[in-house]
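One structure is given below, encoded as structure tokens.
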Amino acid sequence: MKQCVGMILAAMMASGIAPCYAGGGGEMAPATYHEIKLNTISLLEAEHLLKQGGVYFFDVNTLELWAEGFIPGAVYFNVDNWKALLPKDKDAVMVFYCANRLCNASEIAAREVMKLGYTQVRQMHDGIYGWRLSGRATEKP
């Protein structure tokens, strides 16, 4: 199989077919560099935090995905007045998640919250799909 793919690629290159670039439909540009580094956590770490209690979970998915089920006690975060949902305590532990590793909505939300001075922000990159696929409990609205 690998030989076949290699031969096809070699034939394409020899025939002068230009390489293709992947992107979001706009001009090619360097990847965004973020000054704020995220503190990502695993599903197991998130589960421990959930059991510990006193931790805020924020779901940054679409309303349709939220309705399919969310981490127990999580707050739907994808709203215009999201700042009103944040705890007063800037040292409160918060976990942000969206759909999965391909979704970056929770990364964006976590960075925005960190810009406001919150210090204990976590981002669960496996998202709700990872949570569900691992057999962990969910709630529905």
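The values are calculated or read from the model by the stated rules, or taken from the named source; none is laboratory data. For clarity, every value in this text was computed on a predicted model and none was experimentally measured. Note that we place each Cβ from the backbone using ideal geometry, even for glycine, and neighbour counts take in every protein chain shown.
Annotations for the structure displayed:
- Residues within segment 40-51 that are over 17 Å from residue 107 (Cβ atoms) and either among the acidic types (Asp, Glu) or at pLDDT below 95 (or both), tallied: 1
- Answer residue from segment 116-132, given it is without any contact (Cβ under 8 Å) to a residue 60 or more places away in the chain and part of a loop (DSSP other than H, G, I, E, B) and is farthest from residue 91 (Cα to Cα) among those: 116
- Any hit, segment 7-30, residues being modelled with pLDDT under 95, assigned to a helix (DSSP H, G or I), more than 17 Å from residue 122 (Cα to Cα) and among the polar types (S, T, N, Q): no
- Each residue in segment 79-99 was checked for being surrounded by fewer than 17 Cβ atoms within 10 Å (Cβ to Cβ) and either in a loop (DSSP other than H, G, I, E, B) or β-branched (Val, Ile, Thr) (or both), and 9 pass.
- Residues satisfying the stated conditions in segment 74-86, i.e. within 20 Å of residue 40 (Cα to Cα) and at pLDDT 95 or above: 74, 75, 76, 77, 86
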